[in-house]
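**Q** Pasting a structure below so you can have a look.
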Amino acid sequence: MNWLSKFSVALVATTSFASAEPFREITVGVPVSSIAEAETWYLNFLGADTEIIRPFPGVVEFKVAPDTWVQLFEVENQQPSLAVIRFLVDDMEAAQSTRFDRGIDTGKAIEVPGVVTYSEFADPFGNALGLYDLP
């Protein structure tokens, strides 16, 4: 057995017994130039039944999935986030139709047969968003 294989076996043996404490929740921060406008837009996008908290002025958080929050925070000279937030939906056509009826264009649905159907768009502040549906 070469030294790399021995090292790999030793590493696996020592790490298999120890594990990091898993994260219990995730919050994704999204910069916006107007917290009031952003709250209105995201509530329209996510739906009126979405859980909301306002921990302090200039910050609004939406619970978008179990243990997952989107946190809007107001900043001066806002630049769009470089991250993309993608939301898994059960039915792409229905999800897009619902948002279209609310005045939100979620882009063209692109299908990769047998893999995914997705769309890409942005919030009014230029932050990249997407919807996707798995087969």
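The values are calculated or read from the model by the stated rules, or taken from the named source; none is laboratory data. Note that the structure is predicted; figures quoted are calculated from it, not measured. Here the Cβ is made from the backbone with ideal geometry for all residues, glycine too, and neighbour counts use every protein chain on show.
**Q** When you scan region 59-81, do you find a residue that is surrounded by 12 or more Cβ atoms within 10 Å (Cβ to Cβ), modelled with pLDDT under 95, of a type outside the set (G, A, S) and within 18 Å of T106 (Cα to Cα), even just one?
**A** Checked against the condition, which is being surrounded by 12 or more Cβ atoms within 10 Å (Cβ to Cβ), modelled with pLDDT under 95, of a type outside the set (G, A, S) and within 18 Å of T106 (Cα to Cα), region 59-81 yields at least one hit.
**Q** Give region 18-46 a look and list any residue that's in contact (Cβ under 8 Å) with a residue 40 or more places away in the chain and farther than 21 Å from Q78 by Cβ, or say none. Spell out how you get there, then give the answer.
**A** Restricting attention to region 18-46, the residues satisfying the condition of being in contact (Cβ under 8 Å) with a residue 40 or more places away in the chain are 24-34, 37-38, 41-42, 44-45.
Listed by number, the residues that qualify are R24, E25, I26.
**Q** Among the residues of region 11-24, is any modelled with pLDDT of 95 or more, more than 13 Å from the chain's Cα centre (by Cα) and among the aliphatic types (A, V, I, L, M)? Break it down into steps so the answer makes sense when it comes.
**A** First pass over region 11-24, keeping only residues modelled with pLDDT of 95 or more: none.
No, there is no match, as no residue in region 11-24 is modelled with pLDDT of 95 or more, more than 13 Å from the chain's Cα centre (by Cα) and among the aliphatic types (A, V, I, L, M).
**Q** Please determine, by comparing only the residues of region 83-135 that are charged (D, E, K, R), in a strand (DSSP E or B) and under 21 Å from T68 (Cβ atoms), which one is farthest from the chain's Cα centre (by Cα).
**A** Across region 83-135, the extreme among qualifying residues is D133.
**Q** When P55 is evaluated against the numbered criteria (1) farther than 19 Å from I26 by Cβ; (2) assigned to a loop (DSSP other than H, G, I, E, B); (3) touching a strand residue (DSSP E or B) at 6+ places or on another chain (Cβ under 8 Å), which criterion, by number, is the only one it fails?
**A** Only one criterion in (1) farther than 19 Å from I26 by Cβ; (2) assigned to a loop (DSSP other than H, G, I, E, B); (3) touching a strand residue (DSSP E or B) at 6+ places or on another chain (Cβ under 8 Å) is unmet by P55, namely (1).
**Q** If only one of I35, I104 is within 30 Å of P135 (Cα to Cα), modelled with pLDDT of 95 or more and β-branched (V, I, T), which one is it? Break it down into steps so the answer makes sense when it comes.
**A** Values: I35 fails: within 30 Å of P135 (Cα to Cα).
Just a single option satisfies the conditions, and that option is I104.
**Q** Moving on to the next point. If we scan region 68-83, do we find a residue that is touching a residue at least 60 places away in the same chain (Cβ under 8 Å) and of a type outside the set (A, V, I, L, M, F, W, C)?
**A** Checked region 68-83: no residue is touching a residue at least 60 places away in the same chain (Cβ under 8 Å) and of a type outside the set (A, V, I, L, M, F, W, C).
**Q** Still on this structure, I have one more. Would you call L4 modelled with pLDDT under 95, over 17 Å from A128 (Cα atoms) and either in a strand (DSSP E or B) or aliphatic (A, V, I, L, M) (or both)?
**A** Against the criterion (modelled with pLDDT under 95, over 17 Å from A128 (Cα atoms) and either in a strand (DSSP E or B) or aliphatic (A, V, I, L, M) (or both)), L4 qualifies.
**Q** What number of residues within region 21-52 are of a type outside the set (A, V, I, L, M, F, W, C), touching a strand residue (DSSP E or B) at 6+ places or on another chain (Cβ under 7 Å) and assigned to a helix (DSSP H, G or I)?
**A** So the count comes out to 2.
**Q** Looking at F62, is it closer than 19 Å to I26 by Cβ and either part of a helix (DSSP H, G or I) or touching a helix residue (DSSP H, G or I) at 6+ places or on another chain (Cβ under 6 Å) (or both)? Show your work before the answer.
**A** Working: closer than 19 Å to I26 by Cβ: yes; either part of a helix (DSSP H, G or I) or touching a helix residue (DSSP H, G or I) at 6+ places or on another chain (Cβ under 6 Å) (or both): yes.
Judged against the criteria, F62 is a match.
**Q** If only one of T98, T106 is touching a Lys or Arg at 6+ places or on another chain (Cβ under 6 Å) and polar (S, T, N, Q), which one is it?
**A** Answer to the selection: T106.
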